[in-house]
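Quick notes on the structure that follows.
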């Protein structure tokens, strides 16, 4: 038999219908929904008198609008209405909801994996571009718009044109202090924010195999920032080990059969991709974004670029616009950039390992006097686990705010926002203009770089700290 | 969905690359639970000054482009968040066609679901359109989807490529869910097979 990629294996066994020169009708195994991109979809169902076809494959939570302090008292009436609408819709259509009172509520891309809803070989969709996160388990997972949310609710299928495949091999032993976040930022810096448009990325190579599931999620999460439809990693023993005791998996009757099936999903030797690149992680350094697009990154020892050195007029203008918005002068050293805020959270970097690593930097130190620093765990379960490890005390003693879970300052739909001109070291995924608050200036970094920035009030090279981060 | 009709309009040249959906419609306007009324928030932070008055330097506010139904954009338009509020805002504002060298995947898909035609043009022809959109006061760009054709009221002529199925859906205003339900038998068979595996 012709060797197949992981993507091809999943695609082929989800085809419901296909014909020439038409998109393929693809079956969806798991549909995650949240409060922002679902209300109009449910309204559409009501208008056409349609039902949810597979409520057993549909799960909901509220995360985008949720306050991280006093979460049950939402002052913004429009946010409160959107959250209540999700409750009403889940109740009317009989969909399981991880509500604000649930100990398992959290960012949709954090709770799917930690509950064991996310599984290898699945097709997974959600009305959120960071659905690519779930690809870390060897699933085909991608973000969709609200019309498609309605379509999946009604039919459990989607019309899809088959994307091309893109192999990104990351090889070599990554240096200490270079995390999964630095790997994905380096990749985006290299291939550009449209470098993977129209493709599904499979991350491979020994650097990737050596990563934990949480780190793999960080990598797949930001695939969309390179323009990819999805990002995925072949399941291996690390994947299966992570899954075996997850709540929705541990008691399954056909667990052994499932695990056997999952171990067959990895890309076959000799399978071919439409496009391939290899990147050496040995040379990577901790990354800091300087501009208004995730591809605008450099190493912590580097400087902000000078637009004069860019020959392409469109690119030059982009750099000029970005520097103006960011309030940065050309050639400024990254380590000379002073900060106002540090945000540790988001579906990219808010899991227990992230918080453990950041706490090692924080322990025994104080947040710089000019810095506001907050930690927003990715889920209430992450928060609980972190508190059992005593991490909340370490962060609070240093001067961090320790909050309830949610998307929070990653996109500032709740009250956690930057003010105009405020400069933030953020472990989130997007540094777009106004993303964290109108006029706010975002620098994307790893959790350990963010922690070091909180103590120093500016960026410093985390490699200068003598800390053992283990395999982080 | 309404059937897509031919458009003749002055094109608005939006001279930025990598325009993300956070710029097209910022997050504070995603809290509505309706599909309509997003037009007034389109490019909110670029179109309006801090005091809420129009920013006269922003291209959409220039008199020449008032009522325009065609947006000229640059590389990777619509990147970032999957929010369908972005095409809802563009459509509600009056744009029916977006022409660029490239689009982000989710945004591109979302356009078709809302009767917006995204057209991919090569860099050279797009550059030409950007130049004449600024220079000419009499410019009218005409888009004929049936013929895959962009022309102007002078000598511009361009045959664009588009997926035949997406074209058919736009022209006939087809509803995706109805299309799928026409395959209900296959769907049920698939689910039976699935049930026996899991």
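The values are calculated or read from the model by the stated rules, or taken from the named source; none is laboratory data. On a predicted model such as this, the values are computed, not experimentally measured, just so you know. Positions of Cβ are backbone-derived with ideal geometry, glycine not excepted, and every protein chain shown enters the neighbour counts.
General observations
- When residues of the range B:41-99 are limited to those that are part of a strand (DSSP E or B) and out of contact with any helix residue (DSSP H, G or I) (no Cβ under 8 Å at 6 or more places or on another chain), the one nearest to residue B:23 (Cα to Cα): B:48
- Taking the range A:370-447 as the region of interest, none of the strands (runs of 3 or more DSSP E) fully inside it holds 3 or more residues being touching a helix residue (DSSP H, G or I) at 6+ places or on another chain (Cβ under 6 Å), within 11 Å of another protein chain (Cβ to nearest Cβ) and modelled with pLDDT under 95.
- Exactly one residue among A:7, A:42 is surrounded by 22 or more Cβ atoms within 10 Å (Cβ to Cβ) and in contact with a strand residue (DSSP E or B) (Cβ under 6 Å, 6 or more places away or on another chain), and that residue is A:7.
- Positions within the range B:150-173 being within 13 Å of another protein chain (Cβ to nearest Cβ) and surrounded by 14 or more Cβ atoms within 10 Å (Cβ to Cβ), in sequence order: B:162, B:165, B:166, B:167, B:169
- Selected residue (criterion: nearest to residue A:198 (Cα to Cα)) from residues of the range B:100-113 that are facing chain A (nearest Cβ under 7 Å) and in a loop (DSSP other than H, G, I, E, B): B:104
- The one condition in (1) touching a helix residue (DSSP H, G or I) at 6+ places or on another chain (Cβ under 9 Å); (2) modelled with pLDDT under 95 that residue A:302 fails to fulfil: (2)
- Of all residues making up the range B:1-26, the number that are facing chain A (nearest Cβ under 10 Å), crowded, with 18+ Cβ neighbours inside 10 Å and under 28 Å from residue B:175 (Cα atoms): 3
- Residue match in the range A:311-326 (condition: more than 14 Å from every other protein chain (Cβ to nearest Cβ), surrounded by 12 or more Cβ atoms within 10 Å (Cβ to Cβ) and part of a strand (DSSP E or B)): no
- Matching helices (runs of 4 or more DSSP H) fully within the range B:143-198 where at least 3 residues are within 23 Å of the chain's Cα centre (by Cα) and at pLDDT 95 or above: B:164-172
- Just so you know, in the range A:155-186 the residues that are at the interface with chain B (Cβ under 10 Å from one of its Cβ atoms) and not in a loop (DSSP other than H, G, I, E, B) include one that is farthest from residue A:283 (Cα to Cα), and it is A:155.
- Breaking point among (1) without any contact (Cβ under 8 Å) to a residue 12 or more places away in the chain; (2) surrounded by fewer than 24 Cβ atoms within 10 Å (Cβ to Cβ); (3) closer than 16 Å to residue A:146 by Cα, for residue B:66: (3)
- Answer residue from the range B:35-60, given it is touching a strand residue (DSSP E or B) at 6+ places or on another chain (Cβ under 7 Å) and farther than 30 Å from residue A:63 by Cα and is surrounded by the fewest Cβ atoms within 10 Å (Cβ to Cβ) among those: B:54
- In the set (1) under 21 Å from residue B:109 (Cα atoms); (2) in contact with a helix residue (DSSP H, G or I) (Cβ under 7 Å, 6 or more places away or on another chain); (3) more than 9 Å from chain A (Cβ to nearest Cβ); (4) surrounded by 15 or more Cβ atoms within 10 Å (Cβ to Cβ), residue B:143 fails one condition alone, (2).
- Evaluated against (1) at the interface with chain A (Cβ under 9 Å from one of its Cβ atoms); (2) out of contact with any strand residue (DSSP E or B) (no Cβ under 7 Å at 6 or more places or on another chain); (3) buried (at least 19 other Cβ atoms within 10 Å of the Cβ), residue B:32 falls short on exactly one condition, (3).
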